[in-house]
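Here the structure comes first, spelled out in structure tokens, and everything after it is commentary.
Any read-out appearing in this document is the output of simple, stated calculations on the displayed coordinates, not a laboratory observation. Remember, it's a predicted structure, so these values are computed and weren't measured experimentally. When we count neighbours, we look across all protein chains shown, and the Cβ atoms used for this are built from the backbone with ideal geometry, even at glycine.
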Amino acid sequence: MYCAPVPRSFTNGTAILDEDMRQHCLYSKVWADHDTDKWWDYMRYVANDCLLADEECSREAHDEIEEEFEVTQRCVLKSKMNLLKHQADIWVKQGINNWPSVAINKALFVGKF
């Protein structure tokens with residue numbers, strides 16, 4: 001089983017992992033569509049307009065950026081365990097132990113973006 005560090009909020013580790021999966025799947029789709037600005041718009045919406053990074057918030061954010069939540073959710077369900085293993089390996093390699101965080105060119109950024 002995989003888990004995520006729980007920040008000081010009302011969100012639990014499972015919800016964090018589910019949101020991480022949605023973000024990954026959405027990014028993969030918009031990358032393939034050559035429209036990565038939508039991913040950043042999604043991230044801003046979740047960070048600024050949602051109390052919790054949960055399914056309801058994600059649905060609202062998908063509506064905001066005009067992407068289909070169901071497409072993202074199918075990707076999550078299809079690839080969850082393999083992707084979590086791969087991402088966990090990357091987190092360990094990059095030294096990531098905080099959420100939200102991102103590694104860009106081997107530099108770690110933590111907190112709201």
### region 13-110 pair-distance distribution - Cα-Cα, 5 Å bins, rounded %
2, 13, 23, 25, 22, 12, 2
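Please give the charge dipole size of region 13-110, origin at the Cα centre, charges +1 on K and R Cβ atoms and -1 on D and E Cβ atoms. Round to the nearest 20 debye. Before the final figure, lay out each step's value.
Details: 11 positive and 19 negative charges, 158 e Å.
Result for region 13-110 is approximately 760 debye, rounded to the nearest 20.
Please give the length that would be gained between Ala103 and Thr36 if that part of the chain were fully extended, namely 0.36 nm times their separation in residues minus their C-alpha to C-alpha distance (nm, one decimal). Mind showing how you got there, number by number?
Details: separation 67, 0.36 × 67 = 24.12 nm, distance 1.71 nm.
Contour length minus Cα-Cα distance gives 22.4 nm.
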### Leading residue at positive end of dipole, region 13-110 (Cβ point charges), from Val76, His86, His34
His86
